[in-house]
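The values are calculated or read from the model by the stated rules, or taken from the named source; none is laboratory data. What you are looking at is a predicted structure, and each value in this text was computed from that prediction instead of being measured. With ideal geometry, Cβ positions are generated from the backbone for all residues, glycine too; neighbour counts draw on all protein chains shown. Just so you know, the surface numbers come from the protein's heavy atoms only, side chains and all, with ligands and any DNA or RNA stripped out. Shrake-Rupley method; radii C 1.70, N 1.55, O 1.52, S 1.80 Å.
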Amino acid sequence: MSHDLPDGRLFIGGEWREGQGAPITSTYSHDGSVNMVLAGASAADAETAIAAAKTAQADPAWRNALPQDRARILTRIGDGIEVAIPRISQIQSRDTGKTLAETAALAASAAGTFRYFAAVCETADDDLTTRRGTSLTASVHEPIGVVGAITPWNSPIASDAQKVAPALAAGNAVVLKPSSWSPLVSLELARIAEAAGLPKGLLSVLPGSGREVGNLLVNHPDIGRIAFTGGTDTGRMLGEQAGRKLMPISLELGGKSPTIVFDDADLDVAVAGVLFGIFSSTGQSCIAGSRLFVQRGIYDAFVAKLVAATQALRVGDPFAKGTQVAPMINHAHRDSVAAYVAGAFDEGGVILCGGTAPDDAARAAGAYYLPTIIAGLSNDAKTCREEIFGPVLCVLPFDSEEDVIAMGNDNDYGLACGIWTRDFPRAWRVAGAIRAGTVWINTYKQFSASTPFGGDGASGMGREKGRAGLRAWQRQKGIYCDLTGQPHPWAGVSA
Ligand code: NDP
C-alpha cells in the first residue's frame with residue numbers, strides 16, 4: 001500500500017472506521033497492480049451514517065445556521081481541496097488511470113464548485129411575492145434534511161463536489177456513495193471537509209456496493225432527495241424507485257453526443273476540438289462527442305486530417321508528462337469497448353485508425369486501447385446508437401443543415417452537442433434545434449460552475465450547478481401573513 005493513498009477507512013457519521021461490507025479493490029490500470037483492498041460499506045454502515053446525518057442536520061446550529069456561516073465552511077473546503085491538488089490528483093490518477101493533468105483539473109474544478117456554492121448560499125434571496133390580497137406573502141427555502149449522492153467512477157471528485165457542495169450550502173446533511181471502481185478520492189474529500197470544520201455527521205462517504213448501499217439510500221425513508229450520476233439503466237431503475245417514494249431525484253446519465261463540422265469551419269480548430277471532445281479522458285466521459293457528422297464537401301479532407309492527428313496522440317502512462325490518452329479504468333471496461341469495435345465490423349464499419357490495444361510491451365499489462373475512428377456505419381447502427389464510453393468515434397457525412405439536425409436528434413440520448421462553423425446565425429439555429437442539455441459552438445467540453453448542466457431523454461432529468469443548483473436541494477414554502485387583524489368574514493364573527 002502506498003503511503004500517499006488514504007488508509008482505506010470509511011468516513012461514517014463523522015468517524016473513520018473500517019467498513020463492514022464486501023471488500024473493494026482499487027487497481028492502477030496502467031499496469032493492473034492493486035492500489036488497495038478496502039472493506040466497503042455495508043447496509044448497517046449506511047444506517048449508521050443516515051442516523052448520524054439526521055441528528056447533525058436537525059441540530060439548530062446547522063439547520064438554522066446563517067448563510068454566511070455555512071459559506072465560510074464551504075469556502076474552507078474549497079481552499080482545502082486547492083491546497084491538496086497534488087495529493088488528490090495522484091490518488092485519483094492511481095484510482096482511475098486518468099492523466100495527472102486531468103485529475104489536477106478535476107480537483108481544481110471541485111475547489112471552484114465549493115467556493116461558487118459558498119457565494120450562491122450567501123447571496124440567495126428568499127422572495128417577497130407580489131401582494132394579491134390582504135396578506136403579506138413570501139416564498140422561502142428550507143433544507144430538505146438528509147440527502148444522498150451517488151456518483152460514478154469517471155470524474156469522481158468533480159461529480160462529488162457538484163452534489164455535496166450545493167447540498168451542504170442548502171443546509172442538508174449528505175451521504176455520498178462513490179463508485180466501487182474508484183473508492184479512494186472521495187475519502188480524501190471527507191478528510192478535507194473534516195479538517196475544514198464541517199460539523200460531525202453532516203457528511204459521510206461510503207464506497208460500497210451500488211446494489212446494497214446505493215439502493216438502500218434511494219429507498220430509505222429518512223433520505224429526502226437523491227442526486228445520481230451514472231448509467232442510463234441504473235438511473236431509470238432508481239428513478240422508478242424514487243417515484244414510488246415520491247422523492248425528488250436528479251439523474252445525470254449517459255450520452256452519444258453529436259459533433260457537427262460544417263464546410264465553412266476552421267478545420268484546424270475543428271480537428272483539435274473534435275479530438276479533445278472524444279479522446280480526452282480516453283473517451284470515458286458522459287459528454288464525449290462520439291458521433292461526428294462532417295459536411296460532404298470537406299469530408300475526405302477533414303477525416304484525413306483527423307485520422308493523422310489521432311495517430312499522433314501520445315498514448316501512455318498517466319503520470320508521464322505530455323500523455324494525452326491514458327489507460328481505461330480497468331481491463332473489464334476496456335474489453336467491453338473492444339467488443340463494441342468488433343461489433344462495428346459486423347455492421348459494415350471500416351476502422352480508419354486504432355481498433356486495438358497498443359502493440360507496445362510497455363503498455364501490455366495496462367488497460368490501454370488506441371483512439372479509434374470508424375467510418376462506413378449508418379446512424380442506425382448499434383455502434384452509433386449506444387454509449388461505448390471509450391475512445392471510439394463514429395464518423396458520418398451529411399449534406400444539409402436539415403439532414404444533420406435530423407441525424408443528430410435521431411438518438412435516445414440528449415446530453416451534449418458540438419457545432420463547428422464560422423456562420424454564427426447557423427450555429428445558433430442548429431444549437432436551438434438539437435436536443436441536448438449543453439451545446440458548444442467552436443469549442444467542446446468547457447464547463448463552468450455557474451452554467452446549469454444536465455441531459456434530456458435517456459441522458460436524464462434535472463440540472464446541477466448554476467444558482468438554481470442550490471434550490472434543487474431545498475424545499476420551497478409559501479408563507480401568508482395577515483395584515484388586517486380582522487376575523488375572516490365567512491365565519492360571521494365580528495371583531
Ligand atoms: P453505474 O450506473 O454502473 O454506477 C453509477 C453509480 O451508481 C455507482 O456508484 C454505482 O455503484 C451505483 N449503482 C449501481 N447500481 C446501483 C443500484 N442498483 N442502486 C443504487 N446505486 C447503484 O455507472 P458507471 O459507474 O459505470 O458510470 C458510467 C456511466 O455514468 C456512463 O453511462 C456515463 O455516461 C455516466 N455519466 C454521466 C454523467 C452526466 O453528468 N450525465 C457524468 C459522468 C458519467 P457501484 O460502483 O458499486 O456499482
**Complete:** Given (1) touching a helix residue (DSSP H, G or I) at 6+ places or on another chain (Cβ under 9 Å); (2) part of a helix (DSSP H, G or I); (3) over 19 Å from residue 169 (Cβ atoms), residue 68 misses just (3)
**Item:** Selection count where residues are assigned to a helix (DSSP H, G or I) and closer than 20 Å to residue 26 by Cα, scope region 86-118
**Value:** 17
**Request:** Given the conditions (1) outside any strand (DSSP E or B); (2) within 16 Å of the ligand (Cβ to nearest atom), report the number of the one that residue 197 does not fulfil.
**Result:** (2)
**Message:** Let me spell it out: the conditions are (1) within 14 Å of the ligand (Cβ to nearest atom); (2) surrounded by fewer than 16 Cβ atoms within 10 Å (Cβ to Cβ); (3) assigned by TED's automatic domain parsing to the domain that holds residue 395, and residue 300 meets all of them except one. Which number is the exception?
**Reply:** (1)
**Item:** Candidates 175, 218 - the one that is at pLDDT 95 or above, within 8 Å of the ligand (Cβ to nearest atom) and either open to solvent by less than 10 Å² (accessible area, probe 1.4 Å) or in a loop (DSSP other than H, G, I, E, B) (or both)
**Value:** 218
**Asked** Any residue at all in region 29-37 that is open to solvent by less than 10 Å² (accessible area, probe 1.4 Å) and in a helix (DSSP H, G or I)?
**Response** no
**Complete:** residue 402 fails exactly one of (1) within 16 Å of the ligand (Cβ to nearest atom); (2) more than 25 Å from the chain's Cα centre (by Cα), namely (1)
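Only one of these is closer than 24 Å to residue 330 by Cβ and among the hydroxyl-bearing types (Ser, Thr, Tyr): 25, 75. Name it.
Result: 25 is the single residue among 25, 75 that is closer than 24 Å to residue 330 by Cβ and among the hydroxyl-bearing types (Ser, Thr, Tyr).
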**Asked** Mind checking which residues of region 139-172 are away from the ligand (no atom under 14 Å from the Cβ) and of a type in the set (S, T, N, Q)?
**Response** 139, 172
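Would you confirm, using the coordinates I've provided, whether residue 231 is free of Cβ contacts under 8 Å to residues at least 24 places away in the same chain and either in the same structural domain as residue 179 (by TED's automatic domain parsing) or more than 10 Å from the ligand (Cβ to nearest atom) (or both)?
It is false that residue 231 is free of Cβ contacts under 8 Å to residues at least 24 places away in the same chain and either in the same structural domain as residue 179 (by TED's automatic domain parsing) or more than 10 Å from the ligand (Cβ to nearest atom) (or both).
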**Message:** Here's a check for you: in region 471-486, which residue that is of a type in the set (A, V, I, L, M) and under 30 Å from residue 168 (Cα atoms) is surrounded by the fewest Cβ atoms within 10 Å (Cβ to Cβ)?
**Reply:** 479
**Request:** Those residues that are open to solvent by 20 Å² or more (accessible area, probe 1.4 Å) and closer than 19 Å to residue 418 by Cβ, I need them from region 221-277; list them, please.
**Result:** 263, 264, 266, 267, 268, 269, 272, 275, 276
**Subset tally (residues that are in a strand (DSSP E or B) and near the ligand (Cβ under 10 Å from one of its atoms)) for region 201-215** = 1
**Complete:** From the option list 281, 285, single residue qualifying as in the same structural domain as residue 399 (by TED's automatic domain parsing), among the hydroxyl-bearing types (Ser, Thr, Tyr) and not in a loop (DSSP other than H, G, I, E, B) is 281
**Complete:** Filtering region 1-48 for residues that are of a type in the set (Lys, Arg) and either within 16 Å of the ligand (Cβ to nearest atom) or modelled with pLDDT under 95 (or both) leaves a count of 0
